[in-house]
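Below is one structure, written out as structure tokens; comments come after it.
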Amino acid sequence: MKNLSNKLLLFTALFSLSVISCRKQLDINQNPNDVTESNITADLILPNALHGVGVQTANGYGWLANWMGYWSPSGSFAPSTEESTYNISSLFGEAKWAGVYNVLYDLETVDNKSTAGNQRFYKALAKIMKAHLYQNLVDIWGDVPYSEAFKIPEVRTPKYDKAEDIYADL
């Protein structure tokens with residue numbers, strides 16, 4: 001009987017210890033590699049943003065080259081019907097637009113974080129790359145969201161600034 005009560009006492013102690021250990025008293029489950037707002041810095045965002053600038057500058061302008069006469073379709077493949085017939089839908093060019101604004105958001109974050117960290121080198125790079133991408137946007141689409149583009153969540157639908165004003169500011 002004494003052996004049974006010792007086993008019961010040991011089981012109760014182990015069960016109590018396991019319940020207590022599940023609490024957050026000794027929380028060792030913090031991942032130091034988690035991406036949070038506090039541990040993201042300008043030097044970590046900038047390489048990916050620069051890669052994005054290169055991708056957005058070099059790729060995705062085939063439709064524009066066709067329209068401007070730099071390229072011409074050959075007879076050995078089927079051209080894009082939407083592009084060649086000028087039957088443009090509301091989604092035409094949307095991927096390019098979204099891709100450029102995605103990179104611009106990263107560059108805006110680099111700009112803001114480098115200001116907070118007094119990293120003028122990163123701020124200068126971000127401003128140069130933003131000017132390049134905004135120039136491309138204005139060259140293609142004319143009026144685009146510029147002054148209110150990344151004032152999230154205060155501005156849900158940013159206004160479209162005039163192309164001349166954007167060029168003057170760049």
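The values are calculated or read from the model by the stated rules, or taken from the named source; none is laboratory data. Quick caveat: nothing in here was measured; it's all calculated off a predicted structure. As a convention, Cβ positions derive from the backbone with ideal geometry for all residues, glycine included, and neighbour counts pool all protein chains shown. We work out accessible area using only protein heavy atoms, side chains counted, and drop any ligands, DNA or RNA first. Shrake-Rupley method; radii C 1.70, N 1.55, O 1.52, S 1.80 Å.
Okay, here's what the table says:
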quantity: FRET efficiency, residue 139 to residue 112 (Cβ-Cβ, R0 25 Å, nearest 0.05); calculated: 0.45
quantity: Ranked order, 88, 28, 166 - accessible area, probe 1.4 Å, largest first; calculated: 28, 88, 166
quantity: Exposure of residue 85 as accessible area (Å², to 10), given a probe of 1.4 Å and all protein chains; calculated: 80 Å²
quantity: Theoretical gain in end-to-end length, residue 168 to residue 64 [0.36 nm per residue, Cα-Cα removed]; calculated: 35.0 nm
quantity: Heavy atoms of residue 72: accessible area, 1.4 Å probe, square angstrom to 10; calculated: 100 Å²
quantity: Among 108-115, 55-62, 120-127, the order from most to least packed when residues are scored by Cβ within 10 Å on average; calculated: 108-115, 120-127, 55-62
quantity: Pairwise FRET efficiency - residue 132 versus residue 44, Cβ, R0 = 22 Å, nearest 0.05; calculated: 0.55
quantity: Rg/Rh for the range 50-134, where both radii come from Cα atoms and Rh is the Kirkwood radius; calculated: 1.15
quantity: Mean-position separation - Cα centroids, the range 30-60 and the range 97-143, in angstrom; calculated: 12 Å
